[in-house]
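Asks: Have a look at this one before I ask anything.
The values are calculated or read from the model by the stated rules, or taken from the named source; none is laboratory data. Computed from a predicted structure; not experimentally measured. As a convention, Cβ positions derive from the backbone with ideal geometry for all residues, glycine included, and neighbour counts pool all protein chains shown. Calculation scope for accessible area: heavy atoms of the full protein, side chains included, ligands and nucleic acids excluded. Shrake-Rupley method; radii C 1.70, N 1.55, O 1.52, S 1.80 Å.
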Amino acid sequence: MDSMTEPEGGRLFFRADTFNTEKGARRPPTGRTVHEPARDIPVHATCDVLVVGGGPAGTAAAIAAARMGADVILLERHNHLGGLSTGGLVIWIDRMSDWNGNHVIRGVAEELLARLPPGALAGPARAAWGSRDEATVAYWALRTSAFHGVVTHAPTLDPEWLKAVSLDLVQEAGAHPILHAWGVSPLVEDNRVTGCAFESKQGRRAILARVTVDATGDGDLYAAAGAPFNADVDARDIHSCMNTAWLFGGVDMPAFLRFRAETPEQFAAFMARGREKLRLFERAFVSWRDDVAVFMGPRLAGYSALDVDDITEVEIRSHRLMIEHLAFYRDNAPGFANAFLMLSAPQLGVRHARRMQGVASVLREHWDGRVRADEIGVSPSLSPKFANVSVPYGALVPAALDGLLAPGRHLACDATSHSFLREIPQCWLTGHAAGAAAALAVARGVAPRAVPIPELQSLLRKQGAFLQVAPMADRQVA
């Protein structure tokens, strides 16, 4: 798994192999424009809560809001839900337990994993979470579930089953998904978002909503609506990188893991040969099955998730690297002689594009165990030397823009905290809170920024979320 370090100044914590590459030739800008005439857009539907983006944050938001009785529409540009956790093949789910083994990311996240059938989820048993037993740690460290000498709740899963259970929970809650529909432009009146225009095979249409949840992952709606954001990254940090992940089938991962664990010098030589041969070279990781390997890189630095030429080049490079890795692993890696191309991710692996400027923010200095008064969830920290991190509701609320909430990897935080707040479990956590808050805002007839925090916290607890803030003592929610 990727290493975590803290150099001088404390800026960089999460590191792994990142690769800078020279960009290919690009067509020069034309400098020309064309005029698009004004037009009336058909209103496809109206609703209480519109969730734009069906990734982890959007899925959780739609479920939470619909369970509170809101009329919810979930708009998704792909043919599935789950985002990077499914279509992006980010199938190892980072830590949902803290360094003491406490299960802190719960609620909708816990439900989704609990609905997966036997064989679709691989990870340590509950009794092992927090274990520091050397043999147990060594076993799970090879299987992406133990870090810094501690076993964690960080399972790997079957992405197709997660697609299925995500859709099931959304529809069972009463939300209405619309697939193959790309939310492209927020509708804004008097600094308040009132819905979104989207593109589909029916052309441009609109959905009007009382509250809109920007779960695009890149902050596309709040940026287009004029909300300020940050985009600074550290090129040495993997959150600045992009790549397309892939799966190889027909492998013997136990044989490869024995090679890695029992002959470390030979494994190091294998990695060195791979870097010499391919330069952009990635390790194989376990999946939910012993005969399937997942490759989460090579991570390509220096590209922007907001530049169509950049993301096209990343896709092309990643697919070429997949073919090159197959040949090299077949010839050199134990357990890979019969490997075959199984699947390249249909969604590009984007880690960072924008981070909103919110009413509140998660900053490096907040990793000291403080509990935010408007806490809506708890994230494990990056290493055992830091306390759990309290996530505030204000990090989902734009500093000035009304009618919109922004959970997921584009929430308000600094670049260092983004290293973990962008992960799948944290997106489930913040999406769950945003959905509950959006429904509560509709029910109370207030703007999202005016949602009564104690009532929101009580509702999140009732939906299974874990919070550190003291509950309202014996108070009833109206």
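Asks: Which one of the conditions (1) closer than 23 Å to L348 by Cβ; (2) out of contact with any Lys or Arg (no Cβ under 8 Å at 6 or more places or on another chain); (3) modelled with pLDDT under 95 does G9 fail to meet, given that it meets all the rest?
Replies: For G9, the exception is condition (1).
Asks: Please give the strands (runs of 3 or more DSSP E) falling wholly within the range 179-285 in which 1 or more residues are open to solvent by less than 50 Å² (accessible area, probe 1.4 Å) and either at pLDDT below 95 or within 24 Å of S419 (Cα to Cα) (or both).
Replies: Answer list for the range 179-285: 203-214, 246-249.
Asks: Right, something else. For the range 101-140, how many residues are in a helix (DSSP H, G or I) and either of a type in the set (A, V, I, L, M) or farther than 30 Å from R258 by Cβ (or both)?
Replies: Residues that pass the stated criteria total 12.
Asks: Could you please give the count of residues in the range 186-211 that are in contact with an Asp or Glu (Cβ under 9 Å, 6 or more places away or on another chain) and free of Cβ contacts under 8 Å to residues at least 40 places away in the same chain?
Replies: 1
Asks: Would you check which residues across the range 395-415 are buried (at least 21 other Cβ atoms within 10 Å of the Cβ) and not aliphatic (A, V, I, L, M) and list them?
Replies: P398, G403, P407, G408, R409, H410, C413
Asks: Hey, does the range 292-299 have a residue that's within 21 Å of A235 (Cα to Cα), in contact (Cβ under 8 Å) with a residue 60 or more places away in the chain, part of a strand (DSSP E or B) and open to solvent by less than 40 Å² (accessible area, probe 1.4 Å)?
Replies: Yes: one or more hits.
Asks: Another one. Name the residue that is nearest to D98 (Cα to Cα), counting only residues in the range 415-474 that are out of contact with any strand residue (DSSP E or B) (no Cβ under 6 Å at 6 or more places or on another chain) and among the β-branched types (V, I, T).
Replies: Filtering the range 415-474 for residues that are out of contact with any strand residue (DSSP E or B) (no Cβ under 6 Å at 6 or more places or on another chain) and among the β-branched types (V, I, T), the one nearest to D98 (Cα to Cα) comes out as I424.
Asks: Considering R355, R372, which residue is at pLDDT 95 or above, open to solvent by less than 10 Å² (accessible area, probe 1.4 Å) and under 23 Å from the mean Cα position of the chain (by Cα)?
Replies: Answer to the selection: R355.
Asks: So, one more: Out of V51, V72, V43, I need the residue that is open to solvent by 30 Å² or more (accessible area, probe 1.4 Å), of a type in the set (A, V, I, L, M, F, W, C) and over 13 Å from the mean Cα position of the chain (by Cα). Which one?
Replies: Of the residues listed, the single one that is open to solvent by 30 Å² or more (accessible area, probe 1.4 Å), of a type in the set (A, V, I, L, M, F, W, C) and over 13 Å from the mean Cα position of the chain (by Cα) is V43.
Asks: Could you check the range 400-429 and list, in sequence order, the residues that are within 28 Å of L208 (Cα to Cα) and among the charged types (D, E, K, R)?
Replies: The answer is D402, R409.
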